Amino acid sequence: AQSVSQHNHHVILSEAASLELGCNYSYGGTVNLFWYVQYPGQHLQLLLKYFSGDPLVKGIKGFEAEFIKSKFSFNLRKPSVQWSDTAEYFCAVTPISGNTPLVFGKGTRLSVIA
Amino acid sequence: DSGVTQTPKHLITATGQRVTLRCSPRSGDLSVYWYQQSLDQGLQFLIQYYNGEERAKGNILERFSAQQFPDLHSELNLSSLELGDSALYFCASSVDGIQPQHFGDGTRLSIL
């Protein structure tokens, strides 16, 4: 079964700092990859997704992620974070074949301080 | 607003009891997913329905059951509750059943 690892449990950054959140998955086949965000007190929202094509995916709110197949990674990046980016970020993966449900990582809490 | 409605928002009950969590998917979405979120386990997939039929099953305990009704709303039944069942239970929906697109605000279940 596939699994997802998010190595950073809690990241604290100052406003305008650059962000990179790590995500690695374990699965031998072709996968679809996702990043979700959960703002404090709110529901999960889809930030971006990768199905195929250009491995650099752009999402909402200035986020992007790069799929590196050889490293089984799908790291999330943002050049300059804002206080409003404070949230929990979840990486998720599912194989493209079959009815396999989405598997989430345990999440990374991002705190942006002024 | 995601369009997914979950009730109740909070539920406090005792061990051994049984509760029912309800989810109404976003209008037009045919598929419903249930997730359990806890501090130690993270987001765990429980079960998915598509147009009334079970499509995928995850780490759902035998004490838990779910169904999706003809009007597409879904209920998650949790019985013989244990302290470890305390968690946030999320429902999500999607049109195509490929991956969850719209999430509800969750039901926070506290077992005393």
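Taken together, the values in this text are just the output of simple stated rules run on the coordinates, not laboratory data. Computed from a predicted structure; not experimentally measured. Cβ coordinates were reconstructed from backbone atoms using ideal geometry, including for glycine residues, and neighbour counts include every protein chain displayed.
Tabulated values for the structure
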item: Selection count, the range A:36-64, where residues are in contact with a Gly (Cβ under 7 Å, 6 or more places away or on another chain) and touching a residue at least 12 places away in the same chain (Cβ under 8 Å); result: 2
item: One residue from A:L47, A:L110 being more than 10 Å from chain B (Cβ to nearest Cβ), within 22 Å of B:Q37 (Cβ to Cβ) and in contact with a Lys or Arg (Cβ under 8 Å, 6 or more places away or on another chain); result: A:L47
item: One residue from B:L109, B:L76 being surrounded by 14 or more Cβ atoms within 10 Å (Cβ to Cβ), in contact with an Asp or Glu (Cβ under 7 Å, 6 or more places away or on another chain) and away from chain A (no Cβ under 14 Å); result: B:L109
item: All positions within the range B:50-75 that are within 11 Å of the chain's Cα centre (by Cα) and under 30 Å from A:T108 (Cβ atoms); result: B:I60, B:F64, B:A66, B:S74
item: Identity of the residue in the range B:79-106, in contact with a Pro (Cβ under 8 Å, 6 or more places away or on another chain) and within 14 Å of B:L46 (Cα to Cα), that ends up farthest from the other protein chains (Cβ to nearest Cβ); result: B:S93
item: The range A:50-71 - residue that is among the β-branched types (V, I, T) and part of a strand (DSSP E or B) and, of those, farthest from the other protein chains (Cβ to nearest Cβ); result: A:I68
item: Pick from the range B:50-70, criterion over 12 Å from B:L30 (Cβ atoms) and small (G, A, S), ranking: farthest from the other protein chains (Cβ to nearest Cβ); result: B:S65
item: First in the range B:79-102 and without any contact (Cβ under 8 Å) to a residue 40 or more places away in the chain, second anywhere and surrounded by fewer than 20 Cβ atoms within 10 Å (Cβ to Cβ), Cβ under 6 Å, 6 or more apart; result: B:D85/B:I111
item: Selection count, the range B:1-41, where residues are of a type in the set (G, A, S) and in contact with a strand residue (DSSP E or B) (Cβ under 6 Å, 6 or more places away or on another chain); result: 5
item: Output for the range A:5-16, where each listed residue is surrounded by 12 or more Cβ atoms within 10 Å (Cβ to Cβ) and over 14 Å from A:L76 (Cα atoms); result: A:L13, A:E15
item: Test: residue in the range B:92-99 that is under 13 Å from the mean Cα position of the chain (by Cα) and surrounded by fewer than 19 Cβ atoms within 10 Å (Cβ to Cβ); result: no
item: Scan of the range B:45-75 for residues that are out of contact with any Cys (no Cβ under 7 Å at 6 or more places or on another chain) and part of a loop (DSSP other than H, G, I, E, B), ordered by number; result: B:N51, B:G52, B:G58, B:N59, B:I60, B:L61, B:E62, B:R63, B:F69, B:P70, B:D71, B:L72
